[in-house]
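Notes follow once the structure below has been shown.
Laboratory data are not the source of any read-out in this text; all were calculated from the coordinates shown. Keep in mind that what you see is a predicted model, and the values were worked out from it rather than measured. Reconstructed Cβ throughout: ideal geometry from the backbone, glycine too, with neighbour counts over all protein chains shown.
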Amino acid sequence: MKCTTAQQLISLEMDDRLSARDLVKLREHVQGCAACSAFAYDLRGLAAASSELRETLDADNFLLSVNPRIETGAGRQSLLERLRYAPRSLRMAGLAIGAACCVALIIGVRVQGIRRDRIERATVAETLRTVASQDIALSFGGPLDDLAVANLAALGAETVRQDDRSE
Amino acid sequence: MERVADSDAALISRCRDNDRDAFNEIVCRYMDRVITYVRRMVNSREDAEDIAQETFVRIYAGLRSFQSRSSLNTWVYRIATNLCIDYRRKNNRPDRQPVPLAGRGAQPGIEQVRADASAEPEARALRSELAQALDRAIADLPERLRTVVVLHDVNGLAYEEIAAIVGCPLGTVKSRLFHARAALRAALAPYLRGEEPIRLGNDRRGVEQ
């Protein structure tokens, strides 16, 4: 076992977070390693000293400061702050709803675009058909019969389909 | 007859019924833990007290919507943590100016403090000196390490609670705690001689508190 690994395990061992197997391995290492033995000893000393850093407040004075702040509503929170301190599940639900709205918006914009394209193409096809029928009518010197108009419409639709394919 | 202390859940329930005494009991129960934590996360005692007060104002405002999925303990620390973050963002300055450890080399080690335990006043003075040095060393730690070491080693929270407060995986808590302890040991090297052999697994707290 390397000393770096052993020292990480020592930190866990102090908090009873080491498996029995790892503890045996660690003991073997520490017994033969002065550096790790010193590390373990120092960490225990630090833990003992750390617990002496706890502070105390005078309850009466503290309550005298807190209660007026509550009465005056000093802690009134904005919507954003409320969301921030809300339970995790609520925040996650909000996030999911937000994400779903974004996806719906993107899909909506895309569908709208496709619909607009189709309408534009239909308009172009209709215009083509009208212009073509007028040109041909002029070249024939009179109005076209229904069959000629239908053929021209089919020709227009085919042109639009070819445009779609080429795109 | 002495009244048995209510559980957190019972106090929350009483608070929801507008029982102000129940809220005051919550404040008394948590104020020392909050001030101990906040004092080490911000740069002045006055600001720390202000943040501690604000923490309880927020708790009062949020008690009705508090769902008991997490413990009150975790929730209190999370509010305090967020307020500390807000404070630092507003002030936009380092938490504390590093204070050099005066006369490092001349200070006695923890083991000497133990040995002199019988000499009560002197031992108390030495312990206090060591605690001050440790306090300064903790203040010099990066925030992510300091949070974990204060919550665990000073306030005695479990790894799982810290992970919930900080919002990181359990493995990250373990790793940060190791790095924080190693950094503190390096900073307090003159105080810690680490010469005595140690037996792991037994005598878990080698140094009596």
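Partner shielding of B:79-86 amounts to 1, given as the average count of beta-carbon atoms from other chains within 10 Å of each residue beta-carbon.
Residue by residue along A:54-67, Cβ atoms of other protein chains within 10 Å of the local Cβ number 6 on average. Site pair B:Ser71 and A:Ser139 shows an inter-label distance of 9.0 nm when each label is modelled 7 Å from Cα along Cα→Cβ. Under 23 Å of direct C-alpha separation, and excluding same-chain neighbours fewer than eight residues apart, A:Lys25 reaches these lysines: A:Lys2, B:Lys174. Modelled spin labels at A:Val109 and A:Ser51, positioned 7 Å past Cα toward Cβ, are 5.9 nm from each other.
Here the calculated FRET efficiency for A:Glu120 and A:Asp146, from their Cβ-Cβ distance with R0 = 25 Å, stands at 0.40, rounded to the nearest 0.05. The protection proxy used here, the mean number of other Cβ atoms lying within 10 Å of each residue, ranks peptides B:14-27, B:149-162 as follows, highest first: B:149-162, B:14-27.
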